[in-house]
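Read-outs throughout are calculated quantities, based only on the coordinates presented, and are distinct from any laboratory measurement. Because the structure is a prediction, the values reported are computed rather than measured. Cβ coordinates were reconstructed from backbone atoms using ideal geometry, including for glycine residues, and neighbour counts include every protein chain displayed.
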Amino acid sequence: MLRKWRDVLQNIYLGNGQLQVKSYPVEFFNPIEFSGIPSDKLRLKFGVPELFIRNLDVPRLRNGTRFQITHLGPNAVPATVMTGIARGESAKFYTFR
């Protein structure tokens, strides 16, 4: 794994001071784990407050809105909105695999 990463760095930065950018698939970078950098897998827990980092339904479900997961289903995750305009409303998020 380290050899692959070293090859990637050598392909991006050439010794003569020029940058060369190559395209790599996401599947190549997903298994690489560094300390201090979170993994690419989302782990949800029942009853734990979560925070949106992307707008889904402006103005109800937007960046910074907190919600609490009420159930973890195989295809859907219902939650209760804790902050913002939609406080107290329920929302359902569907999983894609």
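Couple of notes before you dig in:
- Cβ crowding within 10 Å averaged over residues, with 81-89, 47-55 ranked highest first: 81-89, 47-55
- Near the amide H of LEU61, within less than 5 Å, lie the amide hydrogens of LEU56, all on another chain or at least 5 residues away, with H placed in the peptide plane.
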